[in-house]
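Shown next, in structure tokens, is the structure this report addresses.
The values are calculated or read from the model by the stated rules, or taken from the named source; none is laboratory data. Owing to the predicted nature of the structure, the values given are computational and were not obtained by experimental measurement. Glycine gets a Cβ as well: all are built from the backbone with ideal geometry, and neighbour counts include every protein chain shown.
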């Protein structure tokens, strides 16, 4: 399978690539801005499985050039995309009155605009049976508990949820499936930025193990769904 994982340099994205790379038949394209961490990720995958096929791409998804860079790679490789996991995320933890237009752009550019542009750039490479998995948050799930300081982050994940529903309709006739996983508390660097003293009940590795299975088979059961994946929110 040809798999694309964004936000691969840390947390859940890092663990997702390691899980997918256990299968030598997978080609895993790992995307992040951080080249050094991507190289370390590839090294870890190769140590665990010398036959691992991991391709690190250092790309800033918030850049307008990102789509062109990614599209060029797939064009040159003549490869399709079986699974895309839009895991990259940005967070701002500030009281509402202190938020700025720059904060808004930083969060929405990564969490919403970046997803839109990436899906557009990979559009020619999806096929019947491809599965796009957008990684949302319980913070962006309607009716869930909300927390002070996270209004922009939660709003962006709410927008991602609606975008996921719309994309599923856009691509339905071609049997390209789109779902959104609204994650609860997982012990990641991002969680620590939002809740410094909180200890989550799930590790990045545990969540990644679930997500790998969902990415491979979830579209047999769901399409256009926002699915809470949470046993706890702080």
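Table: residues versus (1) touching a strand residue (DSSP E or B) at 6+ places or on another chain (Cβ under 6 Å); (2) in a loop (DSSP other than H, G, I, E, B); (3) at pLDDT below 90.
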position: 37; (1), (2), (3): no, no, no
position: 40; (1), (2), (3): no, no, no
position: 45; (1), (2), (3): yes, no, no
position: 50; (1), (2), (3): no, yes, no
position: 57; (1), (2), (3): yes, no, no
position: 64; (1), (2), (3): no, yes, yes
position: 69; (1), (2), (3): no, no, yes
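The set of residues in segment 71-125 being more than 22 Å from residue 158 (Cα to Cα) and assigned to a loop (DSSP other than H, G, I, E, B) consists of 78, 79, 80, 81, 82. Taking segment 9-33, which residues are part of a loop (DSSP other than H, G, I, E, B), in contact with a helix residue (DSSP H, G or I) (Cβ under 9 Å, 6 or more places away or on another chain) and either surrounded by fewer than 21 Cβ atoms within 10 Å (Cβ to Cβ) or modelled with pLDDT under 95 (or both)? Residues satisfying the conditions are 9, 10, 22, 26. For segment 18-32, the set of residues classified as over 10 Å from residue 55 (Cα atoms), in contact with a strand residue (DSSP E or B) (Cβ under 8 Å, 6 or more places away or on another chain) and free of Cβ contacts under 8 Å to residues at least 40 places away in the same chain consists of 21, 26, listed by residue number. Within segment 215-234, the set of residues being over 20 Å from residue 16 (Cβ atoms) and modelled with pLDDT under 95 comprises 232, 233, 234.
Would it be correct to say that residue 82 is touching a strand residue (DSSP E or B) at 6+ places or on another chain (Cβ under 7 Å), surrounded by fewer than 20 Cβ atoms within 10 Å (Cβ to Cβ) and under 25 Å from residue 68 (Cα atoms)? It is true that residue 82 is touching a strand residue (DSSP E or B) at 6+ places or on another chain (Cβ under 7 Å), surrounded by fewer than 20 Cβ atoms within 10 Å (Cβ to Cβ) and under 25 Å from residue 68 (Cα atoms). Exactly one residue among 65, 75, 42, 94 is farther than 26 Å from residue 179 by Cβ and crowded, with 17+ Cβ neighbours inside 10 Å, and that residue is 42.
One residue alone among 212, 186, 178 is at pLDDT below 60 and surrounded by 15 or more Cβ atoms within 10 Å (Cβ to Cβ), and that residue is 186. Within segment 207-223, the residues that satisfy the criterion of being touching a strand residue (DSSP E or B) at 6+ places or on another chain (Cβ under 8 Å) and touching a residue at least 24 places away in the same chain (Cβ under 8 Å) are 207, 211, 214, 215, 216, 218, 219, 222, 223.
Determine which member of the set 139, 158 is in contact with a helix residue (DSSP H, G or I) (Cβ under 7 Å, 6 or more places away or on another chain), at pLDDT 95 or above and surrounded by 19 or more Cβ atoms within 10 Å (Cβ to Cβ). None of the other options fit; the residue is 158.
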